[in-house]
Amino acid sequence: PAVIKKDVEIEGVVVGLTEDKGRYKQFRFNIEHIKLQGEDYPSPGLVRLNWYKTTRHLRAGERYRLTARLKPPSGMMNPAGFDYEAWLFQQRIRATGYVRNKVPVEYLGQDNGPAARLHRLRSATAERIIQLGLPGDSLALITALSIGERSEVSREQWQVLRSTGTTHLLAISGLHIGLVAGLAFYLGRFLWSRSLRLMLMMPAQQVGAILAMVIATLYAAMAGFSIPTQ
């Protein structure tokens with residue numbers, strides 16, 4: 001409570017993909033250290049920040065020291081609407097807030113941990129998809145199905161998916177993992193069985209199963225190991 005809605009100095013790492021909202025950029029930030037007037041406070045962990053009027057290109061795994069204002073997660077108490085507070089809780093986001101532009105931001109380099117590398121790979125994949133120059137609707141769907149990033153799906157697209165009962169198709173889960181694993185299994189088994197020498201070393205069925213597990217795990221990683229994916 002001591003740091004709510006006050007200018008606090010936070011140090012941490014950018015997590016996941018940055019969403020460009022036009023007037024501002026929205027991103028997740030894993031706070032490692034938090035200070036108010038030189039005094040340390042317990043870190044809330046993962047927060048969701050807005051950064052207004054910035055041209056900085058934020059990338060996953062980048063470490064910053066910046067000043068922000070934080071507040072506890074909250075949402076509209078509307079039974080008919082989206083429960084934003086529950087969604088933040090499900091995403092393990094402990095606070096929301098915004099970056100204070102009046103205070104200089106300090107870039108502290110790259111985090112090279114496994115999680116940061118995975119987020120950078122997902123971010124690079126998203127950028128490669130954008131460079132394909134596809135129409136907006138197609139771009140949003142391909143990004144959602146490739147890396148589980150659905151922020152670019154328009155309201156009109158969601159309305160069509162809800163009306164047709166197909167919203168589950170954009171949540172990478174058992175259906176998608178099963179398709180990818182099945183294709184990997186049959187492809188691995190087919191290619192391995194082309195060689196008698198290889199089949200004497202290991203049965204083609206086992207090779208197909210191993211390849212299916214590896215590819216399914218990689219696909220789940222690219223989707224950010226979301227709860228439906230797990």
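Under 5 Å from the amide H of E32 lie the amide H atoms of E11, G12, V13, each residue being 5 or more positions distant or on a separate chain, with H modelled from the backbone and absent for Pro and chain starts.
For T167 and K35 in the same chain, what is the full-extension length gain: residue separation times 0.36 nm, less their Cα-Cα distance, in nm?
Working: separation 132, 0.36 × 132 = 47.52 nm, distance 4.19 nm.
Contour length minus the Cα-Cα distance gives 43.3 nm.
Placing pseudo-labels 7 Å out from each Cα toward the beta carbon at L191 and Y24 gives an inter-label distance of 4.7 nm. Each peptide in 146-158, 187-199, 60-72 was scored by the mean count of other Cβ atoms within 10 Å over its residues; highest first, the order is 60-72, 146-158, 187-199.
Accessible area per residue for the stretch 87-230, computed on protein heavy atoms with a 1.4 Å probe, is 65 Å². Segment V160..L108, full-extension length gain: 14.4 nm, with 0.36 nm per residue of separation and the alpha-carbon distance subtracted.
Considering only protein heavy atoms and a 1.4 Å probe, what is the carbon-and-sulfur percentage of the accessible area of the chain? Mind showing how you got there, number by number?
Details: 8430 of 14350 Å².
Carbon and sulfur together cover 59 percent of it.
Here the Karplus relation 6.51 cos²θ - 1.76 cosθ + 1.60, evaluated at θ = phi - 60°, turns the backbone of the stretch 132-143 into coupling constants of 5, x, 6, x, x, 5, 5, 4, 5, 5, 5, 4 Hz, with x for every Gly and Pro. In this simple spin-label model, placing a label point 7 Å from the Cα along the Cα-to-Cβ direction at both T55 and F82 gives a separation of 3.0 nm.
Based on the Cβ-Cβ distance of S226 and D7, what FRET efficiency does E = 1/(1 + (r/R0)^6) give at R0 = 41 Å, to the nearest 0.05? It would help to have the intermediate numbers written out before the result.
Details: r = 33 Å, r/R0 = 0.81.
The pair S226/D7 has a calculated efficiency of 0.80.
Counting only Cβ charges, +1 for Lys and Arg and -1 for Asp and Glu, the dipole size of the stretch 126-185 around its Cα centre is about 140 debye.
If you wrap the tightest convex hull around every Cα atom of the stretch 97-141 and split its volume per residue, you get 159 Å³. For Q131 and S43, what does the FRET efficiency come to when R0 = 30 Å and r is the distance between their Cβ atoms, rounded to the nearest 0.05? Working from the Cβ atoms, E equals 0.25. Within the stretch 38-184, the proportion of Cα pairs with more than 22 Å between them is 58 percent.
What fraction, in whole percent, of alpha-carbon pairs in the stretch 110-230 exceed 18 Å separation?
On the way: 4481 of 7260 pairs.
Summing the P(r) tail past 18 Å for the stretch 110-230 gives 62 percent.
The values are calculated or read from the model by the stated rules, or taken from the named source; none is laboratory data. Quick caveat: nothing in here was measured; it's all calculated off a predicted structure. Using ideal geometry, Cβ is built from the backbone for each residue, glycine included, and neighbour counts are taken over all protein chains shown. To get the accessible areas, we keep the full protein, side chains included, count just its heavy atoms, and leave off ligands, DNA and RNA. Shrake-Rupley method; radii C 1.70, N 1.55, O 1.52, S 1.80 Å.
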